[in-house]
1. Go through the stretch 7-50 residue by residue and tally those that are at pLDDT 85 or above and among the aliphatic types (A, V, I, L, M).
2. Checking L108 against (1) closer than 23 Å to C37 by Cβ; (2) modelled with pLDDT of 95 or more, which test does it fail?
3. Mind checking which residues of the stretch 23-64 are among the charged types (D, E, K, R), part of a loop (DSSP other than H, G, I, E, B) and closer than 19 Å to Y89 by Cβ?
4. Working only within the stretch 75-94, note down all residues that are crowded, with 18+ Cβ neighbours inside 10 Å and over 13 Å from R65 (Cα atoms).
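The values are calculated or read from the model by the stated rules, or taken from the named source; none is laboratory data. Only a predicted model underlies this, so the values are computations on that prediction, with no experimental measurement involved. Positions of Cβ are generated from backbone atoms using ideal geometry, with glycine treated the same way; all protein chains shown enter the neighbour counts.
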Amino acid sequence: MRTLLILSLALSAAGCTRWSLDHHLNSAYRAYAQGECERVMLELSQAERKSRARGYLQPEISLLRGQCLERQNLFVDAAQTYQFIVSQYPRSEYGFRAKARLETLRQLGHYDRPEAATAAPAGL
């Protein structure tokens, strides 16, 4: 009986964490739709804290954060966020969306692709 009680408490705690994570993510999307980027950033931070064991949510959280940074005209920060998504999740839906956002920023003149580093001998 005691084992059953402990098991049910553990399962309900895991469900509460998931519900709380979903709540913060949904609240972030609602705030984004209303143009409240400060609230979006707060909700995303709270969702990130709840999602540490769910790495598959990171690219979604990061993409919404990048879009909010764009709305705040923080284009360099948005581009770096998108580059993170592309480098960590290149074949995911969010990786493709981040590439598209980078291309849009480039076309608008807010982002230049970094040039590849070239090796050169050091002068003496």
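1. 9
2. (2) is the only condition that L108 fails.
3. So in the stretch 23-64, the residues among the charged types (D, E, K, R) come out as 30, 36, 38-39, 43, 48-50, 52, 54, 60.
Filter again for part of a loop (DSSP other than H, G, I, E, B), leaving 36, 52, 54.
Of everything in the stretch 23-64, those that are among the charged types (D, E, K, R), part of a loop (DSSP other than H, G, I, E, B) and closer than 19 Å to Y89 by Cβ turn out to be R52, R54.
4. Passing the criteria: V86, Y89.
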